[in-house]
Amino acid sequence: TDVDRGPDGKPVYPIRITDRVTIESLGEIVWDRDSFHNERHIFPVGYKSSREFASRVDPNGRTYYDSEILDGGDTPLFRVTPRDAPHLRVERESASGVWVAIANAVNAIRGGQRSKVTVSGTEMYGLSHPLVSILIQELPGVER
């Protein structure tokens, strides 16, 4: 994989995967709870990424959003915090749920007329990027 690696062979952070998305940490595999993976994605606890996106507070601005996967007990907890308004962080039980809430808020402040906003949470997190999938597959515990 085309990623800088340290002497231990592990990726060196941050990992820039697109012009707008950076991986800050791949996290750790939770292998003993089914809700931390599905057919297409693994949701490692401690995974952190940042991405540039439209601001929720400045109708003409952009900001960075920090996305995290936390241990919510039975399920992963997806948290996204806008850097320009950290008090407006959003938490949901799915990556899409959290990003749809943000997209709706952005749509509202910009005077959007769309009644239904769709967004891929795993794409916004960077989880659906092929390089990220490969790097997550290298994490300890993934084979379980």
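The values are calculated or read from the model by the stated rules, or taken from the named source; none is laboratory data. Keep in mind that what you see is a predicted model, and the values were worked out from it rather than measured. Because the Cβ atoms are built from the backbone with ideal geometry, glycine has one as well, and the counts that use them run over all protein chains shown. For the accessible areas, the whole protein counts, side chains as well, though only heavy atoms, and no ligand, DNA or RNA atoms are used. Shrake-Rupley method; radii C 1.70, N 1.55, O 1.52, S 1.80 Å.
Summary of computed values
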read-out	value
Pairs with Cβ under 6 Å, 6+ apart, first in segment 119-138 and free of Cβ contacts under 8 Å to residues at least 24 places away in the same chain, second not aliphatic (A, V, I, L, M)	Val119/Trp99
Qualifying residues in segment 1-59 (those that are of a type in the set (Ser, Thr, Tyr) and closer than 30 Å to Gly112 by Cα) - the one farthest from the chain's Cα centre (by Cα)	Ser55
Of all residues in segment 93-115 being within 15 Å of Ser35 (Cβ to Cβ) and within 12 Å of the chain's Cα centre (by Cα), the one that is least open to solvent (accessible area, probe 1.4 Å)	Ala95
Qualifying position, being open to solvent by 80 Å² or more (accessible area, probe 1.4 Å), touching a Gly at 6+ places or on another chain (Cβ under 8 Å) and charged (D, E, K, R), among Lys10, Lys48	Lys48
Qualifying residue in segment 34-43 (condition: of a type in the set (Ser, Thr, Tyr) and modelled with pLDDT of 90 or more)	yes
Inter-residue pairs, beta-carbon under 6 Å, first under 8 Å from Met124 (Cβ atoms) and in segment 94-108, second part of a helix (DSSP H, G or I), 6+ apart	Ala95/Gly121; Ala95/Thr122; Ala95/Tyr125; Trp99/Gly121; Trp99/Met124
So Asn38, is it farther than 29 Å from Asp4 by Cα, out of contact with any Leu (no Cβ under 6 Å at 6 or more places or on another chain) and either open to solvent by less than 40 Å² (accessible area, probe 1.4 Å) or free of Cβ contacts under 8 Å to residues at least 40 places away in the same chain (or both)	no
Scope segment 1-35; condition of a type outside the set (S, T, N, Q), outside any loop (DSSP other than H, G, I, E, B) and in contact (Cβ under 8 Å) with a residue 12 or more places away in the chain; matching residues	Pro11, Ile15, Val21, Ile23, Glu24, Glu28
Some residue of segment 20-27 being at pLDDT below 95 and either farther than 21 Å from Pro86 by Cα or touching a helix residue (DSSP H, G or I) at 6+ places or on another chain (Cβ under 6 Å) (or both)	no
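Results for (1) modelled with pLDDT of 95 or more; (2) of a type in the set (S, T, N, Q), shown as yes or no for each residue.
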| position | (1), (2) |
| --- | --- |
| Pro76 | yes, no |
| Thr81 | yes, yes |
| Val98 | yes, no |
| Ala105 | no, no |
| Ser115 | no, yes |
| Gly126 | yes, no |
| Glu138 | no, no |
